[in-house]
Amino acid sequence: MKKTNMKRNILTLATAGAIALGGFALVNAQDGNGFAGHGWHGHQFAMQHLTKSLNLTPDQQAKVQPLLDQARPQIIAIHKDAMQKTQAIMDKTMAQIRPMLTADQQTKFDALQKARQDMRNAMQEMHAAMTQ
C-alpha cells in the first residue's frame, strides 16, 4: 500500500511539473501577438471572443483592445514568475524525495526526472525554432 502511494505521489508530482513546464513554454513561445494563457494569437482570440459573446460595437472594440494590450505584458510577467517559482519548488521537492527511495525506486524516479527534463528541452527547442 505504501509503495503504491509513493508511486502515485511521484507520478503526480512529475505530471504537475510537466504541466507547469508546458504552460511556461507556451508563454515563452509567444510571438509578440499572444496573450498569456490563450496561445499564439490569444489576445486576438480574446478580442474575438469578447466581440462575439458581448456583441461589441466597433467603437467598444477600439476601447477594449488597448486594455487587452496593456494587460498582456503584465500577465506574461506574472505567469513567467509563477512558472519559475513552481519549477524551483518542484526541483527542491524532487531532491527531498529521492533519498527516501529504494535503489530500484531511485532508478525509476531518475527516469521520470529525465523524461521531465527531456520535455523541458523539447519545449525550449520548439520555442527556439518558432522564434527564428
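The values are calculated or read from the model by the stated rules, or taken from the named source; none is laboratory data. Computed from a predicted structure; not experimentally measured. Note that each Cβ is placed from the backbone with ideal geometry, even for glycine, and that neighbours are counted across all protein chains shown.
In table form, for the structure just shown:
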| read-out | value |
| --- | --- |
| First in segment 61-79 and among the polar types (S, T, N, Q), second anywhere and surrounded by 12 or more Cβ atoms within 10 Å (Cβ to Cβ) and part of a helix (DSSP H, G or I), Cβ under 9 Å, 6 or more apart | 61/47; 61/50; 61/51; 65/43; 65/47 |
| Filtered residue count, segment 92-116, keeping only those that are surrounded by fewer than 12 Cβ atoms within 10 Å (Cβ to Cβ) and part of a helix (DSSP H, G or I) | 10 |
| Hey, residue 20 modelled with pLDDT of 75 or more and among the small types (Gly, Ala, Ser) or not | no |
| Members of segment 41-91 found to be surrounded by 13 or more Cβ atoms within 10 Å (Cβ to Cβ) and outside any helix (DSSP H, G or I), listed by number | 41, 56 |
| Condition broken by residue 121, with the remaining ones in (1) modelled with pLDDT under 95; (2) surrounded by 12 or more Cβ atoms within 10 Å (Cβ to Cβ) satisfied | (2) |
